[in-house]
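Participant: My structure is below; once you've seen it, I'll send some questions.
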Amino acid sequence: MTAVTPARPDTAVQPAPAGAVPPNPPGGRSRLRAVAGFAFGAALLFAVAPLVLSDFRLSLLAKYLCVAMVAVGIGIAWGRGGMLTLGQGVFFGLGGYAMAMHLKLADAGPGGMPDFMQLYGQLDELPVWWRPFASPWFALPATVLLPMAVAFGLGSLVFRRRVRGAYFAILSQALAAAMVILLIGQQGTTGGTNGLTDIEGFFGYDLDDPVNQRMVYFIIAGVLLALLALARQLIHSRYGELLVAVRDGEERVRFLGYDPASVKLVAYVVAAGMAGLAGALFVPAVGIISPALIGIVPSIEFVIGVAVGGRATLLGPVLGAVAVAWARTALSERFPGTWTYLQGLLFVVVVAFLPGGLASLWALARRRDGGALPGRRTWSPLRRRRAERTEVPVA
Amino acid sequence: MTVLFGQLFTGISIGAVLLLIALGLALTFGQMNVINMAHGEFIMAGAYTTYVLQQSITGAGMSLLIALPVAFVVAGAMGVLLEILLIRRLYARPLDTLLVTWGVSLMLQQLARDVFGSPNVQTRAPELLTGNVALPGGLTVANNRLFILALALAAVAALTLALRLTPLGRRIRAVVQNRDLAAVSGIPTARVDRTTFFIGSGLAGLAGVALTLLGPIGPTMGTNLIIDAFLVVVVGGIGQLKGTVIVAFALGVLQATGEYLTTLSVAKVIVFVAIVAFLQWRPQGLFTLRTRSLA
């Protein structure tokens, strides 16, 4: 492994034949490809889409891209870390509500109150826990930090006690159920089933104006690209390898002296932060946040896109999320019943028969071993890359 | 005193419903490590079976009695079908069974919507079950809730006896405790799995019949109950029924007490917090089978 001069001449490494291509050095061709991919994606999102799509379609795309942000996080937590989180709607909702509360207060003006409060709550003054959200300096960081804090709280309790697998999935789902019931129950201060609606302005920009809607789209596209870059760095770091190792053999990682709970916690919290950011940007793009958008069903729908696209890849979740969200809009308007059947069927077929998602079809076409299934111990999306990578002596 | 008793009884009757639903889940989760999200739709199937039977059989009491075994078989058959078509292929991947069965539950809900329509339908309760029983001291309990409690306890008793005394029960217990050893001892584990799934899903059908006594039935009725039932299974610990029984009633009483002291929505949050706190103390649930595995 290290370049120590061999003691015995018979085991000496043969010099590589002239002209042989060295195996991928880390950060070589694959990084080049990633940069090219990002440039292509950026060109598509920033130049092609706004030119080709109408204002209406562009705002729909903005909505899908928000879902895609959640999917990036799920890809990390579930695809890489093996934590099936069925409650990303909670974090999406926390981010969304934090943003919507601020925008509602900004719409109402200084000292004003959101309209629904007098209507449902008969309140004369703003509830205490609403007040900090009047300041953008509190509300904006809160859209990300609040979900991360909740994820940290639940995650540190749950992972330390080695609650995992199905138990964790069910708990995360129960959290979503509890949050929705709480939001609906506190109608006077949360808007209840309706949620927070009629959001008019976005930091001084009128959201009815198509130009400002475009601006929101560009912000969303930029944030999505940034999150993808962040996710790529994370996945390709030492931490990323550790995360996959925890997924594939938590006990082994523990015996090697790492703390699997912390490793999982980081991924879960990062995923929560991404979902929170997505929720926050969803609000200006769509103009509403409500319990129906963040409950159990939407939370599982976030997972569907990831599963369909390919949970263990970087781009699979994003493309899957956008494709599924697009298909939903395209089909559910014309054939409402059919879409539900199709959605269920898609989910069943992909998870049962193509667990790597559509991304594994691509891999399958390129090489024969790409379709190995997760669940079998041998499956690892990193295996091929690891095998190819030359070991570089560390200092 | 009256209020306290009322809340306690409400809690117990919530617990009885939870128990009926969670029994089947505990069985399939414990034995096969399958998380069946379509269990809620099997409940729905049981409820609609009652509804269909009432269309043809006029006597409400008679139709309820007939509905119990029929719903058991209908839901059980759906379970076996699901096992053969899908779940069999996924035993190595428990998390994926959750997702796949959720997809199935989506389709079943839509099927119910297409067949019976989206609005909820109502069944008639037998006259015998509509009144209240007056207890000494001015206390009353509703007949239908007593019936559900009796049904749940009967199901537990029947299941316990079946597991303890019958050859099938012995095989099921053997597979739960050590699947590989059971297999090499000549137990046909695949067939045992299928039978277990039939029983577990059938119990969901019974729960569906019971739920027709409490309110209207609709395509999404299963979704609301399934998570609570899963929490019961998680907290109760897998592999043994007594954990499920104790936790179902405990959560029911906690829910009812929390609801009485605060509101419905806050009570749900209290239950959730209590569960997470409980898992700090016993992460593997209240009762677990002793194994030598590291997990």
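Participant: Scan (1) more than 13 Å from the chain's Cα centre (by Cα); (2) more than 14 Å from chain B (Cβ to nearest Cβ); (3) open to solvent by 20 Å² or more (accessible area, probe 1.4 Å) for the single condition residue A:319 breaks and write down its number.
Facilitator: Just one mismatch for residue A:319, condition (1).
Participant: Please find, within region A:177-222, the residue that is surrounded by the most Cβ atoms within 10 Å (Cβ to Cβ) out of those that are within 20 Å of residue A:108 (Cβ to Cβ) and among the small types (Gly, Ala, Ser).
Facilitator: A:191
Participant: Which one of these is closer than 29 Å to residue A:196 by Cβ and either of a type in the set (Asp, Glu) or within 14 Å of chain B (Cβ to nearest Cβ) (or both): A:289, A:300, A:294? It would help to see each step written out before you state the result.
Facilitator: Working: A:289 fails: either of a type in the set (Asp, Glu) or within 14 Å of chain B (Cβ to nearest Cβ) (or both); A:294 fails: either of a type in the set (Asp, Glu) or within 14 Å of chain B (Cβ to nearest Cβ) (or both).
From the options A:289, A:300, A:294, the qualifying one is A:300.
Participant: Of the residues in region A:191-208, how many are under 26 Å from the mean Cα position of the chain (by Cα) and of a type in the set (Phe, Trp, Tyr)?
Facilitator: Total meeting the criteria: 2.
Participant: Among the listed residues B:8, B:23, identify the single one that is part of a helix (DSSP H, G or I), closer than 13 Å to residue B:207 by Cα and in contact (Cβ under 8 Å) with a residue 40 or more places away in the chain. Reasoning before the result, please.
Facilitator: Numbers: B:8 fails: closer than 13 Å to residue B:207 by Cα.
Within the list B:8, B:23, the selection yields B:23.
Participant: On to the next question. What's the number of the only condition in (1) touching a residue at least 60 places away in the same chain (Cβ under 8 Å); (2) facing chain A (nearest Cβ under 10 Å); (3) not aliphatic (A, V, I, L, M) that residue B:265 fails to meet?
Facilitator: (1)
Participant: Select from region B:244-256 the residues that are away from every other protein chain (no Cβ under 14 Å) and open to solvent by less than 60 Å² (accessible area, probe 1.4 Å) and write down the one among them that is farthest from residue B:283 (Cα to Cα).
Facilitator: Result: B:256.
Participant: Then there's this: Exactly one condition in (1) surrounded by fewer than 13 Cβ atoms within 10 Å (Cβ to Cβ); (2) within 20 Å of residue B:25 (Cβ to Cβ) is not met by residue B:162; state its number.
Facilitator: (1)
Participant: In region B:55-86, how many are assigned to a helix (DSSP H, G or I) and either at pLDDT below 90 or farther than 18 Å from residue B:45 by Cβ (or both)?
Facilitator: The number of residues fulfilling the criteria is 8.
Participant: A further question on this structure: Can you find a residue in region A:236-247 that is outside any loop (DSSP other than H, G, I, E, B), polar (S, T, N, Q) and either open to solvent by less than 50 Å² (accessible area, probe 1.4 Å) or at negative phi (or both)? Steps first, answer last, please.
Facilitator: Within region A:236-247, the first condition is being outside any loop (DSSP other than H, G, I, E, B), and the residues that meet it are A:238-247.
Filter once more, keeping what is polar (S, T, N, Q): none.
Taking every residue of region A:236-247 in turn, none turns out to be outside any loop (DSSP other than H, G, I, E, B), polar (S, T, N, Q) and either open to solvent by less than 50 Å² (accessible area, probe 1.4 Å) or at negative phi (or both).
Participant: Same structure, new question: Across region A:144-192, which residue is farthest from the other protein chains (Cβ to nearest Cβ) among those that are over 19 Å from residue B:268 (Cβ atoms) and modelled with pLDDT of 95 or more?
Facilitator: Per the criteria, the residue is A:144.
Participant: Moving on. Is region A:355-371 home to any residue that is surrounded by fewer than 24 Cβ atoms within 10 Å (Cβ to Cβ), over 24 Å from residue B:114 (Cβ atoms) and within 16 Å of the chain's Cα centre (by Cα)?
Facilitator: Scanning region A:355-371, I find no residue that is surrounded by fewer than 24 Cβ atoms within 10 Å (Cβ to Cβ), over 24 Å from residue B:114 (Cβ atoms) and within 16 Å of the chain's Cα centre (by Cα), so the answer is no.
Participant: When region B:54-76 is examined, which residues are found to be closer than 21 Å to residue B:119 by Cα and open to solvent by 30 Å² or more (accessible area, probe 1.4 Å)?
Facilitator: B:55, B:56
Participant: Right, here's the next one. Here is a list: B:206, B:241. Which entry is more than 10 Å from chain A (Cβ to nearest Cβ), crowded, with 18+ Cβ neighbours inside 10 Å and modelled with pLDDT of 90 or more?
Facilitator: The unique qualifying residue is B:206.
Participant: Sticking with this one: Open to solvent by less than 50 Å² (accessible area, probe 1.4 Å), within 15 Å of residue B:31 (Cα to Cα) and assigned to a loop (DSSP other than H, G, I, E, B): does that describe residue B:187?
Facilitator: yes
Participant: Every residue in region B:217-259 that is of a type in the set (Val, Ile, Thr) and either within 27 Å of residue B:104 (Cα to Cα) or not in a helix (DSSP H, G or I) (or both), please.
Facilitator: Residues satisfying the conditions are B:217, B:220, B:223, B:226, B:227, B:232, B:233, B:234, B:235, B:238, B:244.
Participant: Among the residues of region A:343-354, write down those that are open to solvent by 80 Å² or more (accessible area, probe 1.4 Å) and more than 7 Å from every other protein chain (Cβ to nearest Cβ).
Facilitator: Within region A:343-354, just A:353 meets the criteria.
Participant: Only one of A:67, A:72 is of a type in the set (Val, Ile, Thr) and either open to solvent by less than 10 Å² (accessible area, probe 1.4 Å) or not in a helix (DSSP H, G or I) (or both); which?
Facilitator: Testing whether each residue is of a type in the set (Val, Ile, Thr) and either open to solvent by less than 10 Å² (accessible area, probe 1.4 Å) or not in a helix (DSSP H, G or I) (or both) leaves just A:72.
Participant: What number goes with the only condition from (1) of a type outside the set (A, V, I, L, M); (2) within 25 Å of the chain's Cα centre (by Cα); (3) not in a helix (DSSP H, G or I) that residue A:167 does not pass?
Facilitator: With (1) of a type outside the set (A, V, I, L, M); (2) within 25 Å of the chain's Cα centre (by Cα); (3) not in a helix (DSSP H, G or I) applied to residue A:167, the lone miss is (3).
Participant: Moving to a separate point now. Any residue that is over 21 Å from the mean Cα position of the chain (by Cα), modelled with pLDDT of 75 or more, within 27 Å of residue A:214 (Cα to Cα) and open to solvent by 60 Å² or more (accessible area, probe 1.4 Å) - is there at least one of those in region A:40-48?
Facilitator: Yes, that holds for at least one residue.
Participant: If you don't mind, there's one more thing I want to ask. Conditions first: (1) within 10 Å of residue A:92 (Cβ to Cβ); (2) under 12 Å from the mean Cα position of the chain (by Cα); (3) modelled with pLDDT under 95. Residue A:275 passes all but one, so which condition is the exception?
Facilitator: With (1) within 10 Å of residue A:92 (Cβ to Cβ); (2) under 12 Å from the mean Cα position of the chain (by Cα); (3) modelled with pLDDT under 95 applied to residue A:275, the lone miss is (3).
Participant: Enumerate the pairs (first residue in region B:105-117 and at the interface with chain A (Cβ under 8 Å from one of its Cβ atoms); second residue anywhere and open to solvent by 20 Å² or more (accessible area, probe 1.4 Å) and among the hydrophobic types (A, V, I, L, M, F, W, C)) with beta-carbon separation below 7 Å, excluding pairs fewer than 6 apart on the same chain, so at least 6 apart or on different chains.
Facilitator: Between residues of region B:105-117 that are at the interface with chain A (Cβ under 8 Å from one of its Cβ atoms) and residues that are open to solvent by 20 Å² or more (accessible area, probe 1.4 Å) and among the hydrophobic types (A, V, I, L, M, F, W, C), the close pairs are B:107/A:345.
Participant: While we're looking at this one, here's another question. Can you name the residue in region A:193-217 that is outside any strand (DSSP E or B) and among the aliphatic types (A, V, I, L, M) and is also farthest from the other protein chains (Cβ to nearest Cβ) among such residues?
Facilitator: Among residues in region A:193-217 that are outside any strand (DSSP E or B) and among the aliphatic types (A, V, I, L, M), the one farthest from the other protein chains (Cβ to nearest Cβ) is A:211.
The values are calculated or read from the model by the stated rules, or taken from the named source; none is laboratory data. Computed from a prediction, not measured in an experiment: that's the story for all the values here. Please note: Cβ atoms are built from the backbone with ideal geometry, for glycine as well, and neighbour counts cover all protein chains shown. Ligands, DNA and RNA are excluded from the accessible area calculation, which covers all protein heavy atoms including side chains. Shrake-Rupley method; radii C 1.70, N 1.55, O 1.52, S 1.80 Å.
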